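For reference, the structure discussed in these notes is given below.
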Amino acid sequence: MSLSRRLKSLDLLTGRGRQPTLLKLCHAGRLVGGLSVAWQVTPDEAIGAVTHAMGGLATKLKVLDVRGAAPMQLEVRFELPPDVLREAGGPRVLTEKWDVADVPGLVHNLNDLYRDARDVRPVVVLGEWADMVQLWAVPRPALRALLADGLLDDASNVRALRGLLDER
């Protein structure tokens, strides 16, 4: 099965064109949940677009403070799903400080933070194309299928994604 047909079967492809790779499809805006981020964009500039693409609880993340350049320190407030072991029930709201060097580093932190949030789409770092980092927020069932098919073997965070799904 061709790449385009497989992506269409998973409802991950939109539009028309003949881009032969995931990098080129993402850059062309054809991947559902795909983002092209210029290499000079800083993590604090990208965090809104990335969390929006992730959806679910990730959209509630707030940046409270930004300091420094590289690595940049972000202070973030976020909500996590209720913990069944806590008596109070309800969501958990926490604050953390992250040292983040670049957008792929930000993606790593976000994927790790929301590893247990079923409604949040993990982000694949497809790589660089046309001086931009190509990112792709993929629903978990489709991510499993893409990993099983070997279509994400060239993604720079493929090991972390496999680990994220293996813990389920």
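The values are calculated or read from the model by the stated rules, or taken from the named source; none is laboratory data. Keep in mind that what you see is a predicted model, and the values were worked out from it rather than measured. Note: ideal-geometry Cβ built from the backbone for every residue, glycine included; neighbour counts use all protein chains shown. In case anyone asks, the SASA skips ligands and DNA or RNA and just uses the protein heavy atoms, side chains included. Shrake-Rupley method; radii C 1.70, N 1.55, O 1.52, S 1.80 Å.
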Requested in this report: Could you look through the range 101-123, keep only residues that are part of a loop (DSSP other than H, G, I, E, B) and among the acidic types (D, E), and pick out the one that is nearest to G163 (Cα to Cα)?
Outcome: D116
Report summary line: When every residue in the range 77-87 that is at pLDDT 80 or above and under 26 Å from R162 (Cα atoms) is compared, the one most open to solvent (accessible area, probe 1.4 Å) is E79
Query raised in the report: Of the residues that sit in the range 134-154 and are over 12 Å from the mean Cα position of the chain (by Cα) and aliphatic (A, V, I, L, M), which one is most open to solvent (accessible area, probe 1.4 Å)?
Result: A148
Requested in this report: Given the conditions (1) within 27 Å of S9 (Cβ to Cβ); (2) at pLDDT below 95, report the number of the one that G90 does not fulfil.
Outcome: (1)
**Report entry** A46 part of a helix (DSSP H, G or I), within 22 Å of A142 (Cα to Cα), touching a helix residue (DSSP H, G or I) at 6+ places or on another chain (Cβ under 9 Å) and at pLDDT 95 or above
**Finding:** no
Query raised in the report: Looking at this structure, is L126 assigned to a loop (DSSP other than H, G, I, E, B), buried (at least 18 other Cβ atoms within 10 Å of the Cβ) and either of a type outside the set (D, E) or touching a residue at least 12 places away in the same chain (Cβ under 8 Å) (or both)?
Result: no
Query raised in the report: Only one residue in R67, R118 is touching a residue at least 12 places away in the same chain (Cβ under 8 Å) and of a type in the set (D, E, K, R), so which one is that?
Result: R118
Query raised in the report: Quick one: how many residues across the range 1-32 are in a helix (DSSP H, G or I), within 19 Å of R144 (Cα to Cα) and free of Cβ contacts under 8 Å to residues at least 60 places away in the same chain?
Result: 5
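Can you name the residue in the range 56-74 that is assigned to a strand (DSSP E or B) and within 15 Å of T42 (Cβ to Cβ) and, of all such residues, is most open to solvent (accessible area, probe 1.4 Å)?
First, the residues of the range 56-74 that are assigned to a strand (DSSP E or B): 62-67, 72-74.
In the following step, the residues that additionally are within 15 Å of T42 (Cβ to Cβ) were identified as 63, 65-67, 72-74.
Details: V63: 60, D65: 47, V66: 58, R67: 148, M72: 11, Q73: 62, L74: 0 Å².
Of everything passing the filter in the range 56-74, R67 is most open to solvent (accessible area, probe 1.4 Å).
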